[in-house]
């Protein structure tokens, strides 16, 4: 699942007329980099949630499957159905009927061209008892305090002194979005707005969330300046 529903307020005025995931890096929309990487790794069933200017995203990729044999692309239109984005957990719950028992989730506005969506990671995750496995990155300048600590056993530590930043890339088990972890029913018919962090923190406290460190190229394209810097690089 590629998260593409946000307003992108910090990217204004660029996002006043273009949804953030369609802003281009080296000639391709931000969200197309992970779409292609997932497809190339054999993950051909993709779900994209939309919100702000979501009709542009669907129009841009309406013919994408024709040039990608075996691909299936589904949209979960939060903006159309509820008037606004449902945040991460709310959006995942809304799209849950389109997802499998285990699935990737990542933000469509993060540029990580070297990340490999390795099928072996999925196999390892399936055979574990984890509810989520996240990829962390060294702290960028805009998030010096990080988000989570990583223990020597590979489990996340919520209140560690030394923390790393969540890349937005993760593997999830459907069960994390069911009781007792989540009160939002599958399909989120009422359009409940729900953040992901509380679910993760509950699962972390139960020892059910692991993580890996990713040291490749990674940028949270959160400002026009960061976008310009990326495009200025060779």
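The values are calculated or read from the model by the stated rules, or taken from the named source; none is laboratory data. For clarity, every value in this text was computed on a predicted model and none was experimentally measured. We place every Cβ from the backbone using ideal geometry, glycine too, and count neighbours over all the protein chains shown.
Looking across segment 45-60, the residues that are surrounded by fewer than 19 Cβ atoms within 10 Å (Cβ to Cβ) and either touching a residue at least 40 places away in the same chain (Cβ under 8 Å) or touching a strand residue (DSSP E or B) at 6+ places or on another chain (Cβ under 8 Å) (or both) come down to 45, 58, 60.
Put simply, of 184, 168, 192 the only residue that is surrounded by 15 or more Cβ atoms within 10 Å (Cβ to Cβ), in contact (Cβ under 8 Å) with a residue 60 or more places away in the chain and on the phi > 0 side of the Ramachandran plot is 168. I'd like the residue in segment 205-228 that is buried (at least 19 other Cβ atoms within 10 Å of the Cβ) and at pLDDT 95 or above and, out of all such residues, is nearest to residue 14 (Cα to Cα). That would be 218.
In contact (Cβ under 8 Å) with a residue 60 or more places away in the chain and under 28 Å from residue 79 (Cα atoms), is that true of residue 220? Yes: the conditions hold for residue 220. Here 42, 27, 8 are screened, and the one residue that is modelled with pLDDT under 95, out of contact with any strand residue (DSSP E or B) (no Cβ under 8 Å at 6 or more places or on another chain) and loosely packed, with under 15 Cβ neighbours inside 10 Å is 27. Scanning segment 24-44 for residues that are closer than 22 Å to residue 142 by Cα and either touching a helix residue (DSSP H, G or I) at 6+ places or on another chain (Cβ under 6 Å) or free of Cβ contacts under 8 Å to residues at least 12 places away in the same chain (or both) yields 25, 30, 31.
Applying the criterion of being touching a strand residue (DSSP E or B) at 6+ places or on another chain (Cβ under 6 Å) and part of a helix (DSSP H, G or I) to the residues of segment 80-103, the residue that is farthest from residue 37 (Cα to Cα) is 94. Would you mind stating whether residue 225 is under 19 Å from residue 107 (Cβ atoms) and without any contact (Cβ under 8 Å) to a residue 60 or more places away in the chain? Judged against the criteria, residue 225 is a match.
Taken together, 37, 84, 66 contain a single residue that is closer than 21 Å to residue 123 by Cα, surrounded by fewer than 18 Cβ atoms within 10 Å (Cβ to Cβ) and either within 18 Å of the chain's Cα centre (by Cα) or at pLDDT below 95 (or both), which is 37.
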